Structure formats: C-alpha cells, structure tokens
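Shown next, in structure tokens, is the structure this report addresses.
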Amino acid sequence: MLNVSLRHDHVRSLQDGKSIGDTSQELLDRAGAITHKNLSIQGLRGLAALFVALFHASTHSGRYFGDSGWATAFDGRFGLVGVAIFFAISDLLMADLIQRTDPWRFLAHRIVRIYPIYLLAASSVIAASSVIAASPVIAFRGMRKFGPDVFSLMLVPAGERAYYLGVEWTLVFECTYYVGLFLLSLIGWHRHLNAIAITWIAAISAAPLFIGWGDNLFYSFYSIWLSPANAAFAGGLLIPWIAGKIRIPVGTGILALCILMVAVPANPMIARWAAGAVATLLVLDVVRIKVPSRAMLGLPRLGDWSYALYLCHVPCILIVYRLWPASSSVGAAWFCAVAAAIVVSVGFGMLDVKMYRYLKNAVDVLNEKHRRRRVNIYAGAFVIASLIGAAMT
C-alpha cells in the first residue's frame, strides 16, 4: 500500500526493469517516461493518503458528533479511491523490482519497508492505552483485551481481527502480495507477470461464485487472492504493458475518476472493481503527464510521508475528537483533526524515511546466506501463521 518513500528505488527500478514481450527500445522508452514522471507519482501517492485521511475524519465525525454535514463531506468514495490508488502504484513499482532483484533481497526490502515503522506506531498506541487521552482510540478499535496480538502485528490474512491503528487491512493485502511475489520469483514465474495478472483478473471476476457478493475486508489466506480489492493490484501490474500496447488517450483516468465520484456503484464488490480500474487509468495518466513541481503544491513531499500519514491519521483523529469541547463547532474539530494528522505525519514521516534508508542499507550489506535464511524464516512464519489464524477463526 503503501510502499512510500521509494522515489529513488522507483527511479532505479524503472531504469533497469524489464517487461515480458517488449523490445529493448520499448523498455527503455517506457522506463524513461515513467522515471521522468516520478515526482508526479509521489504527488498522486500523497493525494491518495490525504483522501483516506479526509474520509476517516468525516466518518468518525459522524460517530462522535452525530449526523452533520461534516460526516458526509468526504464519504466512502474518497477512501475507496485512495486505497485503490495506493494498490495500483504499489504494483507498478513491485512488478519491476521483482524483475531486477533476487527474491530474498526483494522480500527483505519489503519487510524493512512495512514492519519497523508500523510496529513503532502500533506499540505507541499499545503503550498509550493506559493514558486516558488514548482510551477513545482503543474503544473505537473494538478490542476486548488491548495487548499484543501476534496475528494482527504480523499482518497475516487470518480472518476478521481487531487492529491497533484501524487501517491495517490494506497492509495485510500488501504483505500477502509481497510473499506471493517472492514465491513466484522462487519458481521463475516472475517473468510471466502479465499473463499472471490477466489470469488473476479472470479469477477475481469469478470470485462471487465462491465468496459471494459481500465486501468483507478481513479474508483468510485461502480467499484473500479473490478479493475485488486486488483489481487495483492486478491493474498496477499491467500498467507498463498497457502503456506500450494499448492506445488510451491521456486524461482517461481523470475522466474516469470524475465519473466514479459522481456515480459509485451500489454493490460494494463492483465499486471495488470500478475503483481498481479508475486507479489503474489514473496512474497511467500520471506517468504520461508532466506536471510542473510548483503546480503539485507539496504533494510529492506528502507522498514521501504518505505511509506515516496512513498509519497515524486514525489515532490522531480520534484523540482530537475525544478531547474536543462539546461547545465548539464540528467543522473546527474536523479541520483540527486533519491538521493534527498531517503535522504528526511530518515528524513520523521523516523518521520513517531515515529508518527505511538505514535498514535497507543494512539488508544490502548483510551476508547473502544470512539474508536468505532470515527471509525464508519470515516467509515460512507468514504462511504458517496465516493458516493457523484462518483455522482459528
């Protein structure tokens, strides 16, 4: 979801990457185009994180302050689109990284990208559970006992669970996908990602026959692959191929976004499908449109910190709402909650970027034998924990 602060990785990966079935010149042209628009991708990532934060600020406003205009100011459309954009960007990057990186280094980089800052955020909420100001966070998370939950902290697909930050379901998808790519790479299938993505889309299309038409976000290891939320992942995998093989007018993604925001399908699974398609087209637009840096209003910088914003915004919003005086306006509370989330994410985001750079370098200098052993342990533990968790739910 959320593979943020990877601007330099993205540049290098798209310079060296390969896409099955393309000529060398096509690869170079496409890689150069996407690399050139990297700031635009970061800006889109920042906008996606902001969409999700605005959505949660409105949702929790309704729960805390009752029915008001602020409760519907940024409704589910913003969360739906924001998450889909995250997924599409993630796959655009991961599809290339897995081509040029050995499986163990690839997964090791993903581990140090996702877990350290997440565990720091989750442990902060756990530690704050005894502080009265933090109690609303815990209450809204609906946990019967608030303490370490191994399955939740491992981000494994183990069915419905209570999470500490309220947004981890997307990280479960991300981590499951990373492990899946790792396993595909081990058997050499990473060279056939276009065919796999198309087959995956077909399987997701048939999913209602197996898992029904609901939009349960808490899947088991068996069913998570069939979730309609994966449409954005599969679309992201296909973006380089689409850019080189299919003529889609520039601006199609922006037009599709406008249509979706006006007319969201009532069926949640169809809505996820639509959001995935829109996100794919929107990312395709962004990699082909040169946006002046001054016109992006700081969104690329927010993109660097978007993972931090994603992790911390719900606790920040809940705490502000809990402490907000009843006599003050709901609108002011909404603005303060969003502002608090952004301010906290700045400091948290800078720490995140530094931590990732340090840990990524530590992974790269690690003895290859040790790196492989540790990654194998993680992958084995992830699969086993997923199966155990699914059996327990």
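The values are calculated or read from the model by the stated rules, or taken from the named source; none is laboratory data. On a predicted model such as this, the values are computed, not experimentally measured, just so you know. Backbone-built Cβ (ideal geometry, glycine too); neighbour counts: all protein chains shown. These area figures cover heavy atoms from the full protein model, side chains too; ligands, DNA and RNA do not enter into them. Shrake-Rupley method; radii C 1.70, N 1.55, O 1.52, S 1.80 Å.
Observations on the model:
- Ratio Rg/Rh [Cα only; Rh per Kirkwood] for region 334-393: 1.23
- Gyration tensor verdict on region 242-393 (Cα atoms; rounded if a/c is under 1.5, prolate if a/b is larger than b/c, oblate otherwise): rounded
- Heavy-atom SASA rank of ILE342, ILE89 (probe 1.4 Å, accessible area, largest first): ILE342, ILE89
- Residues of region 366-393 with amide N under 20 Å of the 7 Å Cα→Cβ point at SER223: 383-393
- Förster radius 22 Å - calculated FRET efficiency between ASN367 and LEU120 (Cβ-Cβ, nearest 0.05): 0.25
- MET94 - accessible surface, heavy atoms, 1.4 Å probe, Å² rounded to 10: 0 Å²
- Computed with a 1.4 Å probe over protein heavy atoms only, the accessible area of ASP102 comes to about 50 Å².
- For SER220, the residues 5 or more places off, or on other chains, whose built amide H falls under 5 Å of its own are GLY159.
- Placing pseudo-labels 7 Å out from each Cα toward the beta carbon at SER327 and ARG301 gives an inter-label distance of 3.7 nm.
- Label sites at GLU160 and ALA339, each approximated as a point 7 angstrom past Cα along Cα to Cβ, lie 3.8 nm apart.
- Carbon + sulfur, % of accessible area of region 217-334 - ligands and nucleic acids excluded, 1.4 Å: 69 percent
- If a spin label sat at a point 7 angstrom from the Cα of HIS192 along the line to its beta carbon, the backbone N atoms of region 94-118 nearer than 19 Å would be those of 95-96, 98-100, 103.
- Maximal additional length on extending the ASP75-ALA206 stretch stands at 44.3 nm, based on 0.36 nm per residue less the C-alpha distance.
- Packing-based order for 350-357, 151-158, using average beta carbon neighbours within 10 Å, highest first: 151-158, 350-357
- Within region 163-201, backbone nitrogen closer than 16 Å to the virtual label 7 Å beyond the Cα of ASP102 toward Cβ: 182-183, 185-188
- Other residues whose C-beta falls under 14 angstrom from the C-beta of MET392 contribute a net charge of -1, scoring Lys and Arg +1 and Asp and Glu -1.
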